[in-house]
Every structure is written in structure tokens, then in C-alpha cells.
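No lab work stands behind these numbers, since they all come straight from the coordinates. Computed from a predicted model, the values in this text were never measured in an experiment. Positions of Cβ are generated from backbone atoms using ideal geometry, with glycine treated the same way; all protein chains shown enter the neighbour counts.
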Amino acid sequence: MDSCRICKRQFDNNAKAVKLSEKGCHGINEASEKRNDSLRVESGQCVHVECRKTYCNPNYIKRDNRNVQEKLNISPPFTPLRSKTDKFSYKELHTIHLLENINIKQ
């Protein structure tokens, strides 16, 4: 027996399956493009009814795309709070600046 093209699981007696028509294939292939997925179906293939509903639902597509983006994002580097750092000193800055100027002129 075949397996569902979306979830790759075998069909069993309890799960409802549907044989795809051209229109059904178009909807699944369009959803696949929106998901940036490589799933392609042809008429005559079978899928679970629930898999098809979930896969083609715009809300699920948005959620899944958002989850993929969150996984790809790298968290920003840790920046300590200013209140937790040492006090800024203009005197030290001025001294560093003078030393840099002396080194540049030499």
C-alpha cells in the first residue's frame, strides 16, 4: 500500500485518504512553494485528508515559516547593561587619545 506524500506514513484503515485531482495537486504544490518546500504531487496520488488540510492552511504555513526563521536567527551578542559596567572616565579617554597621538607622530 502507498504512503501519504505529505507525512510519508502508510495509509491505515482508520485514517481518511483522498486521491488527488488536478485542482488538489495545484493547491498542494502552491502551498509547497509558499513553504519553500520541495514537495511536488501529481494527480492520482493519495494523501491523508488531515495532512492536506494542515499543509495547505495559510495559518499553518505562516506559523511554520516563522518557526524556520526563528531557528535560523542567531541571537545577538550579549551586551552588558551600562549600569553594570564601570563608570566612564573622560580623563582615561583623554589620556588614551593623547598616547595614540604621540604614537602616530613618532
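Just a few scattered comments:
- Neighbours of GLN69, meaning other residues whose beta-carbon lies under 14 angstrom from its beta-carbon, give a summed charge of +4 when Lys and Arg score +1 and Asp and Glu score -1.
- Considering only alpha-carbon pairs that sit under 8 angstrom and 6 or more positions apart, the relative contact order computed for region 17-77 is 36 percent.
- With a threshold of 22 Å on the Cα-Cα distance, the over-threshold entries among LYS19/LYS62; LYS16/LYS71; LYS34/LYS71; LYS16/LYS53; LYS16/LYS62 are LYS19/LYS62; LYS16/LYS71; LYS16/LYS62.
- Summing charges over all other residues whose Cβ lies under 12 Å from the Cβ of VAL49, with Lys and Arg as +1 and Asp and Glu as -1, gives +3.
- For GLN45, distant residues with modelled amide H under 5 Å away: LEU20
- Within-15-Å neighbourhood charge of LYS19 [Cβ basis; K, R +1; D, E -1]: +1
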